[in-house]
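Laboratory data are not the source of any read-out in this text; all were calculated from the coordinates shown. These numbers were taken from a predicted model, which means no experiment stands behind them. Here Cβ is always computed from backbone atoms with ideal geometry, including for glycine, and neighbour counts include all displayed protein chains.
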Amino acid sequence: MSLSFEKRKKKILEYLSKEGKVEVHILADEFDVSTETIRRDLERLDSEGKLKKVYGGAIKVRADSSELPFEQKTLLHTSEKAAIGKYAASLINQGDTIMLGNGTTALEIIRNLTDRSDLTLVTHSTPAMLMALEQFPGRIFFVGGEVNRHQKSTYGPLAELMLNQLRVNKAFISAGGISLVDGISDYEISEATISRKMMERADETIFLADSSKFGKPTFANICSLDDVYAVITDGNCSDEWKIYLDERDITLYIADEEG
């Protein structure tokens, strides 16, 4: 018995996430349906914005290249980010030095460090630095450089120069998107560059990504999945992604929103 459209849809999008493209005749054989059925499926998914139909098959939609302003991002997936931030804070050991990348989830980490005077925090995020000044009792190093007004962070040669002088135990970096083909990505080249530099200067890097980021490549590459040690996400992460990451020996931490 052939699969329903919804089940075929799920499989097609999984293949796209892994391979970047699908072909009509291969899908028809896989699902035991006619090529016309597959073409109709692809047309429907194209109309929904899930993929781009091309001759003989389909490809992933263009990676998102624009990011919401920082203030607007704080309103999205708030409970998931709170859970991820709390879990991330629980992984920080006594006396650790940590780097926080730019992103609204980093603020949730700081909210859970209000009694940690033993820690040293390094960040290039202005909102993170300002929150740390109010709520975090440990040492704070703010990475200077050219200012990204849109994302309220610093970047450029001066920021990279300062990061080169530092070494930390852990870096917590927010992912703009996670894709099997494109790895970890961000919306802006400047942010991706700073994230890569933080990875270089940390003994251990942990990526922060709510479940909406999976299967969603964005504009600027940070690293491939081969370079990823651990990811913290929320309870809505799909079983398929849990399997994908486990197959690549990537530690996946699931943050409980009620925990």
Amide N proximity, segment 1-31 versus I59 label position 7 Å along Cα-to-Cβ, cut-off under 15 Å: 16-17, 19-24
Inter-label distance, nm, simple model (7 Å from Cα along the C-beta direction), R149/E36: 5.7 nm
Checking the cross-link filter: which lysines have an alpha carbon closer than 17 Å to that of K152, excluding same-chain neighbours under 8 positions apart? K73
Between segment 93-123 and segment 1-43, what's the alpha-carbon centroid distance in Å? 45 Å
Considering only C-alpha atoms, what is the centroid distance from segment 238-258 to segment 148-221, in Å? 20 Å
At 7 Å along Cα-to-Cβ for each site, give me the label-to-label distance between R167 and L91 in nm. 2.2 nm
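Set the bar at 21 Å for Cα to Cα. Now go through K10/K81; K170/K216; K11/K81; K86/K213; K170/K242 and name every pair that lies beyond it.
K10/K81; K170/K216; K11/K81; K170/K242
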Length released on extending from L158 to I140, taking residue separation times 0.36 nm less the Cα-Cα span: 4.7 nm
The residues F219, F207, sorted from fewest to most surrounding Cβ atoms within 10 Å, come out as F219, F207
Based on DSSP H runs of at least 4 residues, each adding -39500 (n - 2.57), what is the mean residue ellipticity at 222 nm of the chain after dividing by all its residues, to the nearest 500 deg cm²/dmol? -11500 deg cm²/dmol
How would you rank M99, M199, going from fewest to most other Cβ atoms within 10 Å of each one's own Cβ? M199, M99
Over all distinct Cα pairs, what is the inverse of the mean 1/r for the chain, reported as the Kirkwood hydrodynamic radius in Å? 19.4 Å
Peptide ranges 11-22, 32-43 listed from the most packed, as the mean C-beta count within 10 angstrom indicates: 11-22, 32-43
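Sort 186-198, 220-232 by packing, meaning the average of other beta carbons within 10 Å per residue, with the highest value first.
On the way: 186-198: 22.2, 220-232: 18.3.
Ranking, from highest mean packing down: 186-198, 220-232.
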Spin-label point model (7 Å from Cα, Cβ direction): what's the E247 to D226 distance in nm? 1.7 nm
In what sequence, highest mean first, do 175-184, 51-60 appear when ranked by Cβ atoms within 10 angstrom? 175-184, 51-60
